[in-house]
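Here the structure is laid out as structure tokens; the discussion comes afterwards.
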Amino acid sequence: MSSSGLARHEPRSVNVELNLLAERSEEVSRLTSEMRRWGAFLLAVLFLGGSALLASFAYLGEASERLANSRKAGADLTVEEQEISAKAALAATRLSTNSALETARKNMARLLGISLGALNQVPPTIALSKIRVEVLGGRLTLTGTADAETLRDAQQFITDLKAQGLEAVMTSAKRNDYLGPGGVGFEFTVTGGVAP
């Protein structure tokens, strides 16, 4: 002790400085270590991000190429569809024309069949003087004027036409001695369907 009553001063300041220096050194080491870890983490994130970005660019390039190929294929299909549509329209027109032509041929065959069938029923005792054939709405109407040797011959002619399945009617009859005594002049109508 000293005479002033104060305790003697010990040189502790050196130890405090050393302790502070050691703590500071530890803190710098800890911060350096932490910075290295964060730096490594940041480098890893940058590496992964760069890799993902490069992969995205590669995928985007492939997707763009596939899209261009798809568009080209779509354009080719559109052209092909237009060609097929044009061919189908042409075929439909031809089929329609062929169908109409075939229907007209069948109807003409029916028309001629009815007309010639009626004319073939004319016996030698009847002379036709006028025949008119009309087709309206798929129905054939054959009107005629004829002379017969007898009324019975005229009636038999109408009966023979009906036997063929035709609608035949004697519309008028009057005495006419053109083919002989007791002869008649008569008009008749024959109708039948020519369209199915």
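The values are calculated or read from the model by the stated rules, or taken from the named source; none is laboratory data. Owing to the predicted nature of the structure, the values given are computational and were not obtained by experimental measurement. Positions of Cβ are generated from backbone atoms using ideal geometry, with glycine treated the same way; all protein chains shown enter the neighbour counts. The protein model used for the area step is the full one, side chains on, heavy atoms only, and it has no ligands, DNA or RNA in it. Shrake-Rupley method; radii C 1.70, N 1.55, O 1.52, S 1.80 Å.
Expressed as a whole percentage, what fraction of the accessible surface of the chain belongs to carbon and sulfur atoms when a 1.4 Å probe is rolled over the protein heavy atoms? The partial results should precede the final answer.
Details: 9010 of 14940 Å².
Carbon-and-sulfur percentage of accessible area, whole number: 60.
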- Query: How much mean residue ellipticity at 222 nm does the chain get from its helices, if each DSSP H run of length 4 or more adds -39500 (n - 2.57) and you divide by all residues, to the nearest 500 deg cm²/dmol?
  - Reply: -23500 deg cm²/dmol
- Calculate, for the chain, the solvent-accessible area per residue in square angstrom, rolling a 1.4 angstrom probe over the heavy atoms of the protein chains. 76
- Query: Whole-Hz Karplus ³J(HN,Hα) for region 29-39, in order, using 6.51 cos²θ - 1.76 cosθ + 1.60 and θ = phi - 60°, x for Gly and Pro?
  - Reply: 5, 5, 5, 5, 4, 5, 5, 5, 4, 5, x
- Note on the structure: Length gained if Arg24 through Lys87 is fully extended, taking 0.36 nm per residue and subtracting the Cα-Cα distance, is 13.5 nm
- Considering every Cα-Cα pair within region 104-196, what fraction, in whole percent, is farther apart than 15 Å? 56
- Item | Calculated from backbone phi, Karplus (6.51, -1.76, 1.60) coupling profile of region 46-55 in Hz, x at Gly/Pro | 5, 5, 5, x, x, 4, 5, 5, 5, 5
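Within 10 Å, count the other beta carbons around each residue, average over each peptide in 109-116, 174-181, and list them highest first. Intermediate values should be presented prior to the final figure.
Details: 109-116: 15.2, 174-181: 11.8.
Result, highest mean Cβ count within 10 Å first: 109-116, 174-181.
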- Task: Return the inverse of the average 1/r over all pairs of distinct C-alpha atoms in the chain, which is the Kirkwood hydrodynamic radius, in Å to one decimal.
- Result: 28.2
- Message: Please enumerate, by chain and number, the lysines with C-alpha under 25 Å from the C-alpha of Lys174, excluding those fewer than 8 residues away in the same chain.
- Response: Lys130, Lys162
- Residues of region 153-196 with amide N under 18 Å of a point placed 7 Å along Cα→Cβ from Lys106: 192-196
- For Gln164, the residues 5 or more places away or on another chain with a placed amide H closer than 5 Å to its own amide H are none
- Choice from Ala163, Ala22, Ala63 with maximal GNM fluctuation in the chain (Cα, 10 Å cutoff): Ala22
- With +1 at each Lys and Arg Cβ and -1 at each Asp and Glu Cβ, the charge dipole magnitude of the chain around its Cα centre, to the nearest 20 debye, comes out at 240
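Of all alpha-carbon pairs in region 110-164, indicate the percentage at a distance above 14 angstrom. Please report the intermediate quantities before stating the final value.
Numbers: 807 of 1485 pairs.
Cα-Cα pairs in region 110-164 separated by more than 14 Å: 54 percent.
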- About its Cα centre, region 39-146 carries a charge dipole, from +1 on Lys and Arg Cβ atoms and -1 on Asp and Glu Cβ atoms, whose size in debye to the nearest 20 is 920
